[in-house]
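Below is one structure, written out as structure tokens, with a few remarks after it.
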Amino acid sequence: MSDLSFQRCINPACRATVDLADTSFRCPKCGGLLDVAYDWDRLPVPKSLKHFESKWANRSDPLDFSGVWRFRELFPFAPDAKVMTVGEGQTLCQRADTVAAYVGMNPGTVYLEYEGMNPSGSFKDNGMTAAFTHARMTGATRAACASTGNTSASLAIYCAAGGGSPPMRAVIFIGSGKISYGKLSQALEHGALTVQIAGDFDDALRQVQDVSRQLGIYLVNSVNPFRLEGQKTIMFRILEALRWRVPDWIVVPGGNLGNVSSFGKAFTELKELGLIDRTPRLAVVNAAGADTFYQLYDRHGLRWNAGEFDKAKYDAYMSAMDAANRRADTLASAIEINRPVNLPKALRALERCGGVVREATDQEMLDAKAKIGAGGLGCEPASAASVAGLLKLVKEGVIAKSDTVACVLTGHVLKDPDATVAYHTADPAVFEAKLGKRGVKRAMFANRAVQVPNQLSEIVKAIELYA
Ligand code: F0G
């Protein structure tokens, strides 16, 4: 492969470089995480972001149609002929005045980046198309991930649609009972080998890394830096929707912390390439039941510190968590993660972009989700962490009413319909079984179905009363 792109250890004291084709995704010298890096001086970099508008007229080329690959000059690791796309990234960045009113901001300031529009229904396709392409470049025939459901749905789709001889086989590891039916159904429907582990995501991620190493299977979890290259385009599309204006804030849910890491890299590179003159600030929102990053960053003051981050503090926190056998526990199953694999990269992103971390309870996420839905965009509970976090940051005065903010809605409402139905139900038993037992007390914004007898006059009466 060419020497214009390669992998490089993120640890500034190490900076070991690794061949582009290597698939161990760990620094061979220090064990640190890797970035995909480019020799930008020898690559054709666009002079302005407006350059990408030229792709809009060329939609018959699948690479220019893709909302990921039309930005490929900003992650140029793959020859065009190797790219595998299913038309990902046709997303919407919608002005959301209902949400602005909910969080107390001025009209016209809040935008929702709706990643539910991707082929598999979540943002994961942005990264999967890049990782799958890299997998093909390395000759892999099997690809694996641990997942809370969306990564696996995405991998299953790319393997099923990818063709090739032999086709790529998807092997997915999920925590038994830890994934919503919407997502499980996608893995099964698209033919992935689905391995249900008696444990949670954190267990599954540990296992899949060992199994992949042992069996030489290509790993597509976000420890894979090629995933994060594709996810940078979520930020490029936000800039595009804002006519290349940089917002003041990006707010994103935090699970394995791939997104925030990728977003930080995207803005750092754009700034270094002279394509933007400032970066937005980044806000990451954990679920309160899976809040390792919030605890370490906000409560314990852990910082990237130019790469010299306090590893002892991190290790002590993790040991205490293990000693207490504390497990991630939230209705937002997508982000039910206590051992985020990208934590060092996320610290780096927050240092570079001036970030903050908050947490949101299941109650707060569900209320925010209902408000997002009332504004016309349906998302899953984890995605609503972004708006729940925004509400807090506005109340605290960290985000001003007049700031421009883009919240990333990471997954579609149909990913987890049980949570939505339980919130809006008129049946206390259904509410209790799914939400009440997790500490959700009320559904402030519930839209209850109306029960009527099977009788025309009664039906008419009910409609006149309510509509
Ligand atoms: N939102 C949704 C809907 C997700 O599925 C995930 C992660 C996240 C947010 C968190 O993103 O890891 O970049 O911080 N889901 C993974 C999965 C873990 O397996 O589908 P992150």
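The values are calculated or read from the model by the stated rules, or taken from the named source; none is laboratory data. Model, not experiment: these values are computed from the prediction. Here the Cβ is made from the backbone with ideal geometry for all residues, glycine too, and neighbour counts use every protein chain on show. The protein model used for the area step is the full one, side chains on, heavy atoms only, and it has no ligands, DNA or RNA in it. Shrake-Rupley method; radii C 1.70, N 1.55, O 1.52, S 1.80 Å.
Some observations on this one:
- A 1.4 Å probe, protein heavy atoms only, puts the accessible area of Ser54 near 70 Å².
- Normalised by the number of residues in region 379-467, the average gap of Cα pairs under 8 Å and 6 or more apart makes the relative contact order 24 percent.
- Volume per residue that the Cα convex hull of the chain spans, once the total is divided by residue count, Å³: 162 Å³
- Order of exposure, largest accessible area first, which applies to Glu359, Glu380, Glu351 with probe 1.4 Å: Glu351, Glu359, Glu380
- Histogram of C-alpha separations across region 189-244, 5 Å bin width, %: 4, 14, 16, 18, 17, 10, 8, 7, 4, 1
- Portion, in percent, of the accessible area of region 86-223 that falls on carbon or sulfur, probe 1.4 Å: 50 percent
- Neighbour net charge for Asn325 - beta-carbon separation under 13 angstrom, K R +1, D E -1: -3
- In this structure region 1-121 gives 45 Å² per residue of accessible area when probed at 1.4 Å with all protein chains present.
- Working note: Cα atoms of region 141-269, range along each principal axis, descending, whole Å: 44, 34, 29.
- Rh by Kirkwood over Cα pairs, then Stokes-Einstein D for region 283-442 at 0.692 mPa s and 37 °C, µm²/s: 196 µm²/s
- Theoretical gain in end-to-end length, Asp427 to Thr98 [0.36 nm per residue, Cα-Cα removed]: 115.7 nm
- Modelled spin labels at Ser24 and Asn325, positioned 7 Å past Cα toward Cβ, are 3.6 nm from each other.
- R0 of 25 Å, Cβ-Cβ distance Val45-Thr138: FRET efficiency to nearest 0.05: 0.45
- Only protein atoms count toward the accessible area here, which uses a 1.4 Å probe; on region 313-460, the carbon and sulfur part of that area reaches 53 percent.
- Entries in Lys47/Lys265; Lys124/Lys369; Lys265/Lys401; Lys369/Lys434; Lys124/Lys178; Lys313/Lys345 that, when Cα-Cα distance is taken, lie over 22 Å: Lys265/Lys401
- Accessible-area order (highest first, 1.4 angstrom probe) of the listed residues Ile179, Ile399: Ile179, Ile399
- Solvent exposure of region 329-428, expressed per residue, is 28 Å² of accessible area, with all protein chains present and a 1.4 angstrom probe.
- Using a simple spin-label model with pseudo-atoms 7 Å out from Cα toward Cβ, Leu193 and Trp244 lie 4.8 nm apart.
- Per-residue accessible area (protein heavy atoms, 1.4 Å probe) orders Asp3, Asp362 as Asp3, Asp362, starting from the largest.
- Per residue, region 129-207 exposes 36 Å² of solvent-accessible protein surface, assessed with a 1.4 angstrom probe and all protein chains in place.
- Backbone HN-Hα couplings from phi across region 214-230 [Karplus 6.51/-1.76/1.60, Hz, Gly and Pro as x]: 5, 9, x, 9, 6, 9, 10, 5, 6, 5, 6, x, 6, 3, 5, 5, x
- Both radii are taken from the alpha-carbon atoms of region 358-467; with Rh as the Kirkwood radius, Rg/Rh is 1.07.
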